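The values are calculated or read from the model by the stated rules, or taken from the named source; none is laboratory data. Since we're looking at a predicted model, the values are computed, not measured. As a convention, Cβ positions derive from the backbone with ideal geometry for all residues, glycine included, and neighbour counts pool all protein chains shown. Quick note on the areas: whole protein, heavy atoms, side chains included, nothing else; ligands and nucleic acids left out. Shrake-Rupley method; radii C 1.70, N 1.55, O 1.52, S 1.80 Å.
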Amino acid sequence: MTNKLHLMLDIETLSQSTRAAVVQIGACTFDKTGIKDTFKVNIKPESAKEFGMIISADTIEWWSNRPKEVQEMVLSHGRSEEHTSELQSRQYL
């Protein structure tokens, strides 16, 4: 029996719109024995706005009600420009 490798993606946004500003992309690969590799990149919301992406006041409020550690992890550290984040994501995949 082969041990298949799977990929899981997690995308955090600042809106529920189909044009939502993406602020974090996370991924991991795993098989039946566990997690093999992880990837995370944060994206500056300002760079998404330059491309016409949407930032919703309701979603900002929702994020403000998350634990401070979660806010810091998703909204603060290691911001990348959108085009750099795309390149990093492609390199991971």
Handout entry: First in segment 52-64 and aliphatic (A, V, I, L, M), second anywhere and assigned to a helix (DSSP H, G or I) and open to solvent by less than 80 Å² (accessible area, probe 1.4 Å), Cβ under 8 Å, 6 or more apart
Key = I55/P45; I55/A48
Completion exercise
Those residues of segment 44-85 that are modelled with pLDDT of 80 or more and either more than 17 Å from Q16 (Cα to Cα) or in contact with a Ser or Thr (Cβ under 7 Å, 6 or more places away or on another chain) (or both) come to a total of 15
Completion exercise
The number of residues in segment 24-77 that are open to solvent by 30 Å² or more (accessible area, probe 1.4 Å), closer than 30 Å to K4 by Cα and either among the polar types (S, T, N, Q) or touching a strand residue (DSSP E or B) at 6+ places or on another chain (Cβ under 6 Å) (or both) is 9
